[in-house]
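J.: Take a look at this one; I'll ask things after.
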Amino acid sequence: MITSDKRATVILDWLENKILLKVNSFELASSDASFRRYFRVLHPQGSYIVMDAPPDKEDITPFINVAALLKNSTVNVPHIYHQNLPQGFLLLEDFGSKCLLDELTTINADILYQNALNELFKLQSHTSIKKSNLPLYDKALLTDELSLFYNWFTKKLLGKTIPQNLQQHLNNFLIESALEQPQVCVHRDYHSRNLMVSGSKPMGVIDFQDAVIGAITYDLVSLLRDCYITWPEDRLDIWLIAYYLRLFENKMLEVSFATFKRWFDLIGLHRHLKVLGIFSRLHLRDNKSTYLADIPRIMAYIEQICQRYPELNEFDHWLKTRIIPFYQHKL
């Protein structure tokens, strides 16, 4: 049991004296890139997860709302058994401790990714964007996310400044591609650490509170060009083509695969630039430096896409001359 943590003590009091749960064990299960923490509670009938989101730092209302939305879409999200809005606690279904990243091998990857893609398809095809009340992944939000790269990675981590005209060209190019795509419900962090594996059950989907309405390829690239694991491009293309055909056959898009792949590549570049900024901010501001180890993988994705599209030649040159020779010294 955790006894020296003040909020943990308050959680235990809530569980035992308000919910009347007999607690056999109460231990930290995980934390994430935000201020949220998760505790695993063992009790005579099984286990729960408690989300701890300090109200002055995190609002749990979006999690509750999106959980209801996705459950209605038959996505396998955790059931919420109890909620304590004033103190920022939720008692959740426990999906176990095995995330997709921990379970993946070259042998089982096809099966596990198919499971993950099945849940993604339900999220995209069953969620009515007109009735969702989710915010839009619009030009303003897309621009703000790119600013994380310019401000936290290039400027604050590396001490470099991107030329204004180059920044504007890159923003326009990536944002135009994002906005021309079919718009669907977007999880925004649909990757191998947020998908839980539990035997033959559907993949458990967590950490969905930042969902928006946006580009149809965004969650797909989060999964297939994951910041935490890399797959050979030919294998990735097999998964990508199969999902494209599924969307096409269900009339969720009407473009060629070449256009779809371009969308996928460019939204991936947008995401990976944003993530470089987020990981730099976690290191510099929040003293969470373990994410720096993943920056080389992300930079490799960025280099790969920049070399694929002539519109990115100038940005590619700037990366090769002003960023890539220096960023490794900061890690």
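The values are calculated or read from the model by the stated rules, or taken from the named source; none is laboratory data. In this text the structure is predicted, and so the values were computed from the model without any measurement. Note that each Cβ is placed from the backbone with ideal geometry, even for glycine, and that neighbours are counted across all protein chains shown.
J.: In this structure, is Thr230 under 27 Å from Leu146 (Cβ atoms), surrounded by fewer than 21 Cβ atoms within 10 Å (Cβ to Cβ), of a type outside the set (Asp, Glu) and over 21 Å from the mean Cα position of the chain (by Cα)?
T.: no
J.: Please work out which residue is farthest from Phe257 (Cα to Cα), limiting yourself to region 232-244 and to residues that are in contact with a Leu (Cβ under 7 Å, 6 or more places away or on another chain) and touching a residue at least 60 places away in the same chain (Cβ under 8 Å).
T.: Trp239
J.: Any residue at all in region 179-194 that is surrounded by fewer than 21 Cβ atoms within 10 Å (Cβ to Cβ) and among the hydroxyl-bearing types (Ser, Thr, Tyr)?
T.: no
J.: Hey, Tyr190 hits all of (1) among the hydroxyl-bearing types (Ser, Thr, Tyr); (2) touching a Gly at 6+ places or on another chain (Cβ under 9 Å); (3) closer than 20 Å to Leu136 by Cα but one; which does it fall short on?
T.: Here Tyr190 meets the rest and fails (2).
J.: Something else about it: At least 1 residues that are in contact with a Gly (Cβ under 7 Å, 6 or more places away or on another chain) and assigned by TED's automatic domain parsing to the domain that holds Ile111 in each: list the helices (runs of 4 or more DSSP H) lying fully within region 215-292 that qualify.
T.: 218-224
J.: Take region 185-228 and flag every residue that is more than 17 Å from Asn108 (Cβ to Cβ) and of a type in the set (Ser, Thr, Tyr).
T.: Tyr190, Thr217, Tyr218, Ser222
J.: Being in the same structural domain as Tyr113 (by TED's automatic domain parsing), over 22 Å from His272 (Cβ atoms) and in contact with a Gly (Cβ under 9 Å, 6 or more places away or on another chain): is that true of Met203 here?
T.: When the stated conditions are applied, Met203 does not pass them.
J.: Which residue pairs have Cβ atoms under 9 Å apart, sit 6 or more places apart or on different chains, and have a first residue in region 127-139 that is free of Cβ contacts under 8 Å to residues at least 12 places away in the same chain and a second that is in a loop (DSSP other than H, G, I, E, B)?
T.: Ser128/Ser73
J.: So, in region 50-68, exactly how many residues are more than 20 Å from the chain's Cα centre (by Cα) and assigned to a strand (DSSP E or B)?
T.: 1
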